[in-house]
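What follows draws every value from the coordinates through simple rules; no lab data is involved. All figures in this text were calculated on a predicted structure; none of them were measured in a lab. Reconstructed Cβ throughout: ideal geometry from the backbone, glycine too, with neighbour counts over all protein chains shown.
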Amino acid sequence: MKGFFPIFKREFRSYFDTPVAYVFIVIFLVLNGVFTFYVGGFYDRGLADLSPFFEFHPWLYMFLIPAISMRLWSEERKAGTIELMLTLPISLSASVFGKFFAAWCFTIVALLGTVPIWLTVNYLGQPDNTVIAASYLGSILMAGGFLSIGSCVSALTKNQVIAFVTSFMICLVFNLSGFPMVLDVFASWAPQSIVDVIASFSFLTHFDSIQKGVIDLRDIIFFASLIIFWLYLNVIAIEVNKSN
Amino acid sequence: MTLAETLVEVIGLTKSFGSIKAVDNISLSVNRGEVLGFLGPNGAGKSTSMKMITGFLTPTSGTIKISGNDISVNPIEAKASIGYLPEGAPAYGEMTPLNFLSFVAEVRGIDKSARASKVDEIINKIHLERVAHQPIETLSKGFKRRVGIAQAILHDPEILILDEPTDGLDPNQKHEIRALIKEMAADKAILISTHILEEVESVCTKAIIISNGGVIFSGSPIELSSKSRYHNAITLVVINKDIEKTTKILKELEEVMTIEHVAEAELTRVTLIPHSSEVEISSLVKARMADYECEILQLYIEPGRLDEVFRSLTNQQESGEVIRS
């Protein structure tokens, strides 16, 4: 993976060279606050836990993560810098992973901004901190899953708006794949086994079990393989598309 | 004398986009110490060829060897010996030239201890000191282009591929870049694309013209200019009042095929094109003018006009295409 680290560093810094980082982090934290305290009823529940906080993450990520990932490759293609990057003596996968991990680390930085909520709940009561730690892990993994989808989609177009809307749609499908509105489409014609497979792709189900404090290896493998799958597609998408 | 070392070797390069052949069976080679000028009208396939030679695009067919490495087999080794300025000199706009060059140096594997001094050296060489700490997107076109050239030569590559290195620069900047290319030419193989013909004369040792994806000329700039119908033509400058007489007496010379006039304020340039470019007519013309007491203010033998050759070669080809289809 020669070249991974310099690409990662450049990409990570670029968030902070532009207003993107600050705007994103502020909006992320404000929305998290709104969902936790108003919609989730953090105080009214009278429980010392963070489930009202984590419950909204799949929905929050669904549109905030595509906002980060939309520029990953579209911008390179539009500005022509992709030509510069792909003629450097590094492998394409080093660039794809470097960019992906930079975006992932940036999301983790934004998520770290929510630690005061964790401290608050410890001040107010005695929460199960291992459950909260597990939830953070689950949230990070899920963000990685969404990001890998967004990164791949952004490699398909020069247009960031198209990248955003398309990623948003795919993320929505992954969120809802355990719900009847997605399953019904398949139930009428596909065998039950396929419907079960589709249902098992739901981010909500996998995130839900981690969020309850159950770190099941299968959930971790699910997110890890999902990320690898989409990044692999990402590499292919660049190979096929770079000439257009 | 050592045998010329071929650093870039391209054989039968072809690229199709759907049914359109953007590049059609191009072969070329560049040795160490050579500067190859890659010419052609816009859309002829120059940039596409360069994108394949640098490993950005995969050719439909053909082989590309860079310092002995086949770019499709050992892409990373091949890319390591190339410095490339893509068309339009793209760079990360939010970065400063200093950070951008440090990034390129790091990816290029320049040692951490040597990196800062290497970047400083290039910044001084290309005269980027004044803008080193400004975001690249705020720089003028000339500076952006220089940043692009700086990143291409940073690792002192033995092969330089520059896509329109002087496009959009003012005459001083153009001169500077050409001087830089000439300075580096001795121990590198350089391939530059351009549509500025004076550039070919001033920096290139070889030239290739492509049109509609195929090579239509390959040779030295001198060979190229000798294809001009003005090759060995005579141009003389005379006072306007003498013009009629001059034309009359020179027309009578059998060796002269055509006479062209370009009138300036009080003088006229008269160009005599001989029937064959082999024939030396200057002494003949001088004697004739002396006989009739016409004053010659200036007289010179034309080496050939590149823009005229370029136009006739590429137009011929285009009209040829029309007839065939």
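Where both bridge residues fall in the protein assembly as shown, DSSP classifies roughly 65% of the beta bridges as antiparallel. Here is the size of the range A:1-103 from its Cα atoms: Rg then Dmax, 18.0, 58 Å. For the peptide A:84-96, the mean number of other protein chain Cβ atoms found within 10 angstrom of a residue's Cβ is 6. Largest GNM mean-square fluctuation across B:SER140, B:SER225, B:SER283, computed for chain B with C-alpha springs under 10 Å, falls on B:SER283. All distinct Cα pairs of the range B:168-221 go into the 1/r average, and the inverse of that average, the Kirkwood radius, is 12.3 Å. Charges were assigned to the Cβ only: +1 to each Lys and Arg, -1 to each Asp and Glu. The resulting dipole of the protein assembly as shown about its Cα centre is roughly 920 debye. Take the Cα of B:SER202, go 7 Å toward its beta carbon, and the backbone nitrogen atoms of the range B:152-169 under 12 Å from that spot belong to B:166-167, B:169. Peptide B:42-52 shows a mean partner chain C-beta count of 1 within 10 Å per residue C-beta. The chymotrypsin sites (Phe, Trp or Tyr not before Pro) found in the range A:97-199 that occupy coil by DSSP, while having at most 13 further C-beta atoms within 10 Å, are A:TRP189.
What separates the Cα centres of the range B:89-143 and the range B:167-241 is a distance of 30 Å. Choose one of A:VAL34, A:PHE106, A:VAL185: the residue whose Cα lies farthest towards the positive end of the charge dipole of chain A (beta-carbon charges +1 Lys, Arg; -1 Asp, Glu; about the Cα centre). The residue sitting most towards the positive pole is A:PHE106. Result for chain B in a Gaussian network model with C-alpha springs under 10 Å: among B:ALA116, B:ALA89, B:ALA207, the largest mean-square fluctuation is at B:ALA116.
In chain B, a dipole from Cβ-located charges (positive for Lys and Arg, negative for Asp and Glu) runs towards its positive end, and of B:GLY37, B:VAL131, B:ASN315 it is B:VAL131 whose Cα lies farthest in that direction. Between A:MET181 and A:VAL39, the FRET efficiency from the beta-carbon distance, with R0 = 35 Å, is close to 0.95. Holding the Cα-Cα limit at 19 Å, pick out from A:LYS2/A:LYS99; B:LYS125/B:LYS188; B:LYS141/B:LYS206 the pairs that are longer than that. Flagged as over cut-off: B:LYS141/B:LYS206. In order along the range B:67-76, phi translates into HN-Hα couplings of 6, x, 8, 6, 5, 7, 9, 10, x, 5 Hz, rounded to whole numbers, per the Karplus curve 6.51 cos²θ - 1.76 cosθ + 1.60 with θ = phi - 60° and x for Gly and Pro.
Between helix A:160-176 and chain A, what is the angle of the helix's C-alpha long axis to the longest principal axis, kept within 0 to 90° and rounded to the nearest 10? Its long axis makes an angle of about 40 degrees. For the range B:54-132, a crude dipole built from +1 on the beta carbon of Lys and Arg and -1 on the beta carbon of Asp and Glu, taken about the Cα centre, is about 100 debye to the nearest 20. Classify chain A as rounded, prolate or oblate from the Cα gyration tensor: take a ≥ b ≥ c as the square roots of its eigenvalues, call it rounded if a/c is under 1.5, otherwise prolate when a/b beats b/c and oblate if not. Oblate, since a/c reaches 1.5 and b/c is not below a/b. Could you tell me whether the range A:191-243 comes out rounded, prolate or oblate from its Cα gyration tensor? Rule is a ≥ b ≥ c as square roots of the eigenvalues, rounded for a/c under 1.5, then prolate if a/b exceeds b/c, otherwise oblate. It comes out oblate by the Cα gyration axes. Entry note, chain A: relative contact order of 27 percent, from Cα contacts under 8 Å with a spacing of 6+ residues. Figure legend: label point modelled 7 angstrom from the Cα of B:GLU137 along Cα→Cβ; residues of the range A:67-82 with amide N under 14 Å from it are A:71-72, A:75-81.
Kirkwood analysis of chain B, using all unique Cα-Cα pairs, places the hydrodynamic radius at 22.4 Å. Simple point charges give the picture: +1 on the Cβ of Lys and Arg, -1 on the Cβ of Asp and Glu, and for chain B a dipole about the Cα centre of about 820 debye. Which angle between 0 and 90 degrees, to the nearest 10, do you get for helix A:115-124 versus the longest principal axis of chain A when only C-alpha atoms count? That works out to roughly 10 degrees. Across peptide B:92-99, the mean count of Cβ atoms from other chains lying within 10 Å of each residue's own Cβ comes to 4. Placing a label point 7 Å from the Cα of A:LEU217 along the Cα-to-Cβ direction, the residues of the range A:125-141 whose backbone N falls under 19 Å of that point are A:138. Residues whose amide H falls under 5 Å from that of B:GLY304, counting only those 5 or more places apart or on a different chain, are B:ASN232, with hydrogens built in the peptide plane. Given R₀ = 56 Å, FRET efficiency for B:ASP156-A:LEU47 by Cβ-Cβ distance, to 0.05? Efficiency, rounded to the nearest 0.05: 0.30. Taking the 0 to 90 degree range and rounding to the nearest ten, how far is the long axis of helix A:217-241 tilted relative to the main principal axis of chain A, both from C-alpha atoms? Computed tilt is about 20 degrees. The GNM of chain A, with springs linking C-alpha atoms under 10 angstrom apart, assigns the highest mean-square fluctuation among A:ALA67, A:ALA48, A:ALA103 to A:ALA48. So for the range A:37-158, taking the charge dipole from beta-carbon charges (+1 Lys/Arg, -1 Asp/Glu), which of A:PHE97, A:LEU84, A:LEU119 sits furthest toward the positive end? It is A:LEU84. The HN-Hα couplings worked out from phi for the range A:38-48 by the Karplus form 6.51 cos²θ - 1.76 cosθ + 1.60 (θ = phi - 60°) are 9, 6, x, x, 3, 7, 5, 5, x, 10, 8 Hz, whole numbers, x standing for Gly and Pro. Entry note, the protein assembly as shown: the mean residue ellipticity at 222 nm calculated from DSSP H runs of n ≥ 4, each adding -39500 (n - 2.57), is -16500 deg cm²/dmol after division by the residues and rounding to the nearest 500. Here the Karplus curve 6.51 cos²θ - 1.76 cosθ + 1.60, taken at θ = phi - 60°, turns the phi angles of the range B:86-91 into couplings of x, 3, x, 6, x, 7 Hz, with x standing for Gly and Pro. Using only the Cα atoms of the range B:123-204, build the gyration tensor, take square roots of its eigenvalues as a ≥ b ≥ c, and label the shape rounded, prolate or oblate: rounded if a/c is under 1.5, else prolate if a/b is larger than b/c, else oblate. It comes out oblate by the Cα gyration axes.
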